[in-house]
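Accompanying notes for the structure given below.
The values are calculated or read from the model by the stated rules, or taken from the named source; none is laboratory data. All values derive from a computational prediction rather than experimental measurement. Every residue, glycine among them, receives a Cβ derived from its backbone with ideal geometry; neighbour counts consider all protein chains shown.
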Amino acid sequence: MDTIFQECDYITIHVPLLDATKGMINKEKLSMMKDGVVILNFSRDTLVNDDDMAEALEAGKVRYYVSDFPNPKVTHMPRVILLPHLGASTQESEDNCAVMAVKEITDYLENGNIKNSVNYPTCDMGECQTKSRVAVLHMNIPNMIGQVTGILADQGVNISDMTNKSRDKYAYTLLDLENVPEAVTIEKLKAIKGVLRVRVVK
C-alpha cells in the first residue's frame, strides 16, 4: 500500500470503518504520498485524521480533499470540496425502505403484483376482485399467451381480466379468472414449453 501512495496522483478511500482503519490517513501516510495528491473520501470521515489533513493542505502536500462527510473541521480547511452525503443510511430512510420492501412483497404474495424486480417487468392489476388469480412466469417467446388462454378455454375457465408484461427475455402474465382452476389445469399450464412457474395467487 505504501508504494501505491507514492505513485498515485489521486487516492480514493473505499474501506470499512474498523478499529484498524480509523485515522488511517494520517501524517505518516500523507508524508508517503506524492506532492499535490488529491484525496477522495467517500467511505467514512473518521478514516482521515482531520488535523493531519489540515496541515497537509496548508503545506500543499494535498492539493484537494474531496469528501461527502462534512464536519466543522473540514468545512474551514482550504481546498476542500464537500459534496452532499447520500441519505440512504439514515434511520428514517432505512425504516422507509423496510416498510416499502414489506409492502411490495406482501402485494406480490397476496395479489401477484410485481414492482422493482431485477428480472421481471412491473406488473400491477391491483387487488383481485374475482374468484381466482393465476400468475404465469415465462420466457418472452411467441404464442405463449395463445397457449395459456387456449388451455384455460379447453378446461372451461373463463378469463375476466389479464395483463402481460415483458422485460428482455422474461415475461409475466396475470390472469383473473371467474372460477378457481383445477389442479389438472395448473399442471397443463406448467407443462407449456417456456413456462418457468405457475402460481395460484388466489
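Gln129 is checked against (1) surrounded by 14 or more Cβ atoms within 10 Å (Cβ to Cβ); (2) more than 28 Å from the chain's Cα centre (by Cα) and fails just one. What number does that condition carry?
The one condition Gln129 does not meet is (1).
In region 104-126, which residues are assigned to a loop (DSSP other than H, G, I, E, B), under 18 Å from the mean Cα position of the chain (by Cα) and over 14 Å from Ala171 (Cα atoms)?
First pass over region 104-126, keeping only residues assigned to a loop (DSSP other than H, G, I, E, B): 112-113, 115-122, 124-126.
From what is left, the residues that are under 18 Å from the mean Cα position of the chain (by Cα) are 115-122.
If the condition is that a residue be assigned to a loop (DSSP other than H, G, I, E, B), under 18 Å from the mean Cα position of the chain (by Cα) and over 14 Å from Ala171 (Cα atoms), then Asn116 is the only one that fits.
Give me the residue from region 137-157 that is within 25 Å of Lys115 (Cα to Cα) and aliphatic (A, V, I, L, M) and, out of that set, surrounded by the fewest Cβ atoms within 10 Å (Cβ to Cβ).
My answer is Ile141.
Taking the residues in region 5-28 that are among the aliphatic types (A, V, I, L, M) and either assigned to a strand (DSSP E or B) or not assigned by TED's automatic domain parsing to the domain that holds Tyr64 (or both) as candidates, determine which candidate is modelled with the highest pLDDT. Spell out the reasoning first.
Let us first name the residues in region 5-28 that are among the aliphatic types (A, V, I, L, M), namely 11, 13, 15, 17-18, 20, 24-25.
Subset that is either assigned to a strand (DSSP E or B) or not assigned by TED's automatic domain parsing to the domain that holds Tyr64 (or both): 11, 13, 25.
Working: Ile11: 84, Ile13: 85, Ile25: 95.
Once the filter is applied, the top-ranked residue is Ile25.
With the condition kept exactly as written, say whether any residue in region 86-100 is surrounded by 13 or more Cβ atoms within 10 Å (Cβ to Cβ) and not hydrophobic (A, V, I, L, M, F, W, C). Working first, answer last.
Filtering region 86-100 for residues surrounded by 13 or more Cβ atoms within 10 Å (Cβ to Cβ) gives none.
No, because not a single residue in region 86-100 is surrounded by 13 or more Cβ atoms within 10 Å (Cβ to Cβ) and not hydrophobic (A, V, I, L, M, F, W, C).
Output the number of residues of region 163-202 satisfying the condition of being hydrophobic (A, V, I, L, M, F, W, C) and within 27 Å of the chain's Cα centre (by Cα). Outline the logic, then answer.
Filtering region 163-202 for residues hydrophobic (A, V, I, L, M, F, W, C) gives 171, 174-175, 177, 180, 183-184, 186, 189, 191-192, 195-196, 198, 200-201.
After this cut, where a residue has to be within 27 Å of the chain's Cα centre (by Cα) as well, the list is 171, 174, 195-196, 198, 201.
The qualifying residues number 6.
Please work out which one of (1) within 19 Å of Asn113 (Cα to Cα); (2) under 32 Å from the mean Cα position of the chain (by Cα) is the condition Ser160 fails and give its number.
Just one mismatch for Ser160, condition (2).
Search region 144-160 for residues that are over 17 Å from Gly194 (Cα atoms) and pair each with any residue that is assigned to a helix (DSSP H, G or I) and modelled with pLDDT of 95 or more when their beta-carbon atoms are under 6 Å apart and the residues are at least 6 apart or on different chains.
Gln155/Thr185
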